[in-house]
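Asker: This is the structure, below, for whatever I ask next.
The values are calculated or read from the model by the stated rules, or taken from the named source; none is laboratory data. This structure is a prediction, so every number in the text was calculated from the model and none was measured. We place every Cβ from the backbone using ideal geometry, glycine too, and count neighbours over all the protein chains shown.
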Amino acid sequence: MPMTTMADCIFLNTRAETFIAACRAAIGTANVLTEATDKSRFEHDFWNQYRGRAAAVVRPCTAIEVAQIVTLATTNGVTLVPQAGNTGLVNGGIPDQSGRQIVLSVERLNRIRTVDPAGDYLIAEAGCILDSVQTTAAQANRLFPLAMGSSGSCRIGGNIATNAGGLNVLRHGMTRDLILGLEVVLPNGQILDLLKSLRKDNTGYDLKQLFIGSEGTLGIITAAALRLVAMPRERVTLWLAVNTPADAVALFKTFRDEFGELISAFELICSDGVEIALSGLQGARRPVAAAYPWHVLVEVAWTFESGLRPRVEAVLEDLISRGLCADGAIAESEAQWANMWRLREGQSESASKLGYILRGDISVAIARIPELLGWITNWQAGLAARNIRVLPFGHVGDGNLHVNFLLAREHDEDLHNELLNALHDEVDRLAGSVSAEHGVGRAKLRAVAQRKPSAASDLARLLKQTLDPQNIFNPGIVLEEKEAHL
C-alpha cells in the first residue's frame with residue numbers, strides 16, 4: 001500500500017476532516033465510516049483484483065441526504081466515488097490509491113417506492129439489489145428482465161450507471177432500454193426529477209440518457225422507474241452441442257426464423273470452459289452425453305401456458321437430423337435448468353480457483369463471430385506454450401463475447417496489456433467494440449480513448465465540464481483526467 005505523503009496529511013487534516021465532520025452532522029456518525037476495518041469492503045472489487053484507499057465512506061439513505069453530501073463535497077473540494085453493489089469488472093466504482101477520495105455508497109437507498117403492474121413499471125431506489133427488484137416484480141406477476149450472475153449482490157444504481165447488459169439483452173435490450181425515468185443528484189447538489197413512467201414523452205432532449213452508462217461521472221442516480229413485462233408462463237431451455245462457431249451462428253439464424261422475439265438467450269461456451277466448470281462446481285453435470293468443441297445454451301419463452309415445448313422439440317429433431325447440431329438436450333426440470341445455467345455462469349468462479357482471470361468484454365457483428373473465434377483459436381495455440389488458456393464465451397444473439405484469459409497467479413503485469421492489446425486490435429479490424437457491457441472504468445480508459453472519434457471525445461469532455469466543472473464526481477473514470485478538464 002502506498003505511503004501516506006505530507007500532502008495526504010494536509011488534505012486529511014483540512015478539507016477532508018471538515019467534510020467528514022459536516023457529513024456526520026448531516027447523516028449521523030454511524031453512516032460516516034473512517035476506520036480501516038469499516039472501509040475495507042468498499043475499497044476493493046468483488047473479485048479482489050482492484051484495490052484503492054478511501055478517506056471515508058458515507059452512506060446516505062435518501063436523495064435529500066445525497067444532495068446534502070454532494071453540496072458539502074463541492075464546498076470543501078473533495079471528490080466522490082459513487083458506489084452501488086461494487087460488482088463491476090472495470091475498476092470504476094472503487095476509490096483510487098490516493099487516500100483522498102470519498103466513497104458515496106447508495107446501499108441504504110434500498111426502498112421500492114411504487115409497483116404498478118397495470119402500468120408495467122416499478123420505482124426502485126438505487127441501492128435495491130437486483131434480486132429484490134426481480135422478486136418484487138414477480139410478486140406482482142411481472143418480470144423485470146435484467147438478469148446476470150451477480151443479481152444477488154449488484155444494485156440497480158450500478159446497473160444503470162454502467163448500462164449493464166446481462167443474459168436477456170437479445171429479447172429485452174440493455175439496461176438503457178428498461179429505464180422509463182430517473183431521479184439524479186447533480187454535481188451542484190440539485191435533485192433532477194426525471195422520474196416519470198411514461199412510454200412517450202417527446203418534449204425535447206431525453207436527459208435521463210446522459211446518466212445511463214456514465215458510470216457516476218455526471219450525476220448520482222438515486223432512483224429509477226423500471227419497465228416491467230408480462231411474466232412468461234412457459235419456458236423451454238436447451239443445451240446444444242456444435243462443432244464450430246459457424247454452426248452456432250447458423251443455429252441462431254434458424255432459431256430466429258422459427259421463434260423470432262421469443263428467444264431470450266442464446267449463449268455460446270467453449271469446451272474448455274465447460275470442462276473447467278464441471279470440475280470446479282460441485283454436483284454439476286454434463287447436459288449431453290459427451291464433450292464437444294462448442295456448446296450453445298438457448299432459452300425460449302412466451303406468455304401462453306403451453307404449446308411451446310412441442311414446437312421446440314420439432315425444431316431440435318430437425319436440426320439434429322440435418323446435422324446442424326451434434327447433440328442436444330431440453331431441461332426437464334428446474335434442477336436441470338439450473339444445472340445448465342450454472343455451467344454457463346460458473347466458469348469464472350471455477351477458473352479463478354486455477355489462477356488469475358484477465359477479462360475481455362468485446363462485441364462484433366454476429367456474422368463475424370466465427371471469424372473472431374477462429375482467430376482466437378489460432379492465437380491460443382501459441383499462448384498454450386506460455387501456460388495461458390483462453391476461454392471465450394458469451395451472447396451470440398447480440399454479438400457480445402467475453403474472452404477470459406486464465407493466467408498463472410504470479411505473472412508479469414505487462415502481460416495484461418499484451419493480451420488485451422492483441423485482442424482489441426483484432427476487434428478493431430472486425431469493426432467491433434472493446435467494451436460491450438462492462439463499461440470503461442479505469443481498466444479500459446486508454447483502450448477506449450485510443451479508439452473514440454475526436455468529435456465524440458470532445459463532446460464527452462464538454463458534457464463533463466458543463467455538468468461537473470469542479471470534477472467532483474468519479475474523476476479519472478470513463479475520461480482520463482487530462483481529458484476531463486482542459
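Asker: Scan the stretch 276-287 for residues that are in a loop (DSSP other than H, G, I, E, B) and under 24 Å from the mean Cα position of the chain (by Cα) and jot them down.
Answerer: Leu281
Asker: Name every residue in the stretch 216-273 that is among the hydrophobic types (A, V, I, L, M, F, W, C), out of contact with any Asp or Glu (no Cβ under 8 Å at 6 or more places or on another chain) and not in a strand (DSSP E or B), in order of residue number.
Answerer: Matches in the stretch 216-273: Met231, Ala246, Ala248, Val249, Ala250, Leu251, Phe252, Phe255, Phe259, Leu262.
Asker: Can you tell me which residue is surrounded by the fewest Cβ atoms within 10 Å (Cβ to Cβ) among those in the stretch 100-143 that are polar (S, T, N, Q) and not in a loop (DSSP other than H, G, I, E, B)?
Answerer: Gln139
Asker: Any idea which of Ala248, Ala224, Ala241, Ala265 is over 24 Å from Leu372 (Cα atoms) and in contact with a strand residue (DSSP E or B) (Cβ under 9 Å, 6 or more places away or on another chain)?
Answerer: Selected residue: Ala224, the only one of Ala248, Ala224, Ala241, Ala265 that is over 24 Å from Leu372 (Cα atoms) and in contact with a strand residue (DSSP E or B) (Cβ under 9 Å, 6 or more places away or on another chain).
Asker: If you don't mind, another one. Could you grab the pairs with beta carbons closer than 7 Å, sequence gap of 6+ or different chains, first residue in the stretch 179-204 and farther than 27 Å from Asn474 by Cβ, second one modelled with pLDDT of 95 or more and in a loop (DSSP other than H, G, I, E, B)?
Answerer: From the stretch 179-204, the pairs are Ser197/Gly119.
Asker: To continue, here is another question. Under the condition of being surrounded by fewer than 20 Cβ atoms within 10 Å (Cβ to Cβ) and in contact (Cβ under 8 Å) with a residue 40 or more places away in the chain, which residue from the stretch 263-282 is nearest to Asp398 (Cα to Cα)?
Answerer: Checked the stretch 263-282; the qualifying residue nearest to Asp398 (Cα to Cα) is Ile263.
Asker: While we're looking at this one, here's another question. Before we move on, is Ile376 outside the structural domain of Ser150 (by TED's automatic domain parsing), at pLDDT below 95, out of contact with any helix residue (DSSP H, G or I) (no Cβ under 7 Å at 6 or more places or on another chain) and part of a helix (DSSP H, G or I)?
Answerer: Taking the combined requirement at face value, the residue does not satisfy it.
Asker: Another one. Tell me which of these Glu410 doesn't satisfy, since it passes every other one: (1) assigned to a loop (DSSP other than H, G, I, E, B); (2) at pLDDT 95 or above.
Answerer: Among (1) assigned to a loop (DSSP other than H, G, I, E, B); (2) at pLDDT 95 or above, Glu410 violates only (2).
Let's see how each residue does on (1) in a loop (DSSP other than H, G, I, E, B); (2) of a type outside the set (D, E, K, R); (3) under 30 Å from Met148 (Cα atoms); (4) at pLDDT 95 or above:
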| position | (1), (2), (3), (4) |
| --- | --- |
| Thr4 | yes, yes, no, no |
| Leu12 | no, yes, no, no |
| Asp38 | no, no, yes, yes |
| Val57 | no, yes, yes, yes |
| Ile64 | no, yes, no, yes |
| Gln68 | no, yes, no, yes |
| Thr71 | no, yes, no, yes |
| Val81 | no, yes, yes, yes |
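Asker: Just to be sure I understand, how many residues within the stretch 70-94 are without any contact (Cβ under 8 Å) to a residue 60 or more places away in the chain and over 15 Å from Val32 (Cβ atoms)?
Answerer: So the answer is 2.
Let's see how each residue does on (1) surrounded by 21 or more Cβ atoms within 10 Å (Cβ to Cβ); (2) assigned to a helix (DSSP H, G or I); (3) assigned by TED's automatic domain parsing to the domain that holds Ala301; (4) modelled with pLDDT of 95 or more:
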{"residue": "Arg342", "(1), (2), (3), (4)": "no, yes, yes, yes"}
{"residue": "Ile369", "(1), (2), (3), (4)": "yes, yes, no, yes"}
{"residue": "Gln380", "(1), (2), (3), (4)": "no, yes, no, no"}
{"residue": "Pro392", "(1), (2), (3), (4)": "yes, no, no, yes"}
{"residue": "His402", "(1), (2), (3), (4)": "no, no, no, yes"}
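Asker: Now for a separate question. With the requirement that a residue be surrounded by 14 or more Cβ atoms within 10 Å (Cβ to Cβ), more than 19 Å from Arg142 (Cα to Cα) and among the polar types (S, T, N, Q), what does the stretch 178-208 give you?
Answerer: Asn188
Asker: Follow-up question, since we're still on this one. Read through the list (1) surrounded by 23 or more Cβ atoms within 10 Å (Cβ to Cβ); (2) of a type in the set (Lys, Arg); (3) without any contact (Cβ under 8 Å) to a residue 40 or more places away in the chain, then give the number of the only condition that Arg24 fails.
Answerer: Against the list (1) surrounded by 23 or more Cβ atoms within 10 Å (Cβ to Cβ); (2) of a type in the set (Lys, Arg); (3) without any contact (Cβ under 8 Å) to a residue 40 or more places away in the chain, Arg24 comes up short only on (1).
A quick yes/no check of all residues on (1) within 26 Å of Asn188 (Cβ to Cβ); (2) buried (at least 16 other Cβ atoms within 10 Å of the Cβ):
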site	(1), (2)
Leu420	no, yes
Asp425	no, no
Val434	no, yes
Leu445	yes, yes
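Asker: Conditions: (1) under 21 Å from Gly374 (Cα atoms); (2) over 23 Å from the mean Cα position of the chain (by Cα); (3) small (Gly, Ala, Ser). Gly273 meets all but one. Number of the miss?
Answerer: If we test Gly273 against (1) under 21 Å from Gly374 (Cα atoms); (2) over 23 Å from the mean Cα position of the chain (by Cα); (3) small (Gly, Ala, Ser), just (2) comes out false.
Asker: Take the conditions out of contact with any Lys or Arg (no Cβ under 9 Å at 6 or more places or on another chain) and without any contact (Cβ under 8 Å) to a residue 12 or more places away in the chain and apply them to Glu413. Does it pass?
Answerer: Answer is yes for this residue.
Asker: Here is a list of conditions, (1) in a helix (DSSP H, G or I); (2) more than 22 Å from Pro95 (Cα to Cα), and Arg461 meets all of them except one; can you say which number that is?
Answerer: So Arg461 meets the others, but not (2).
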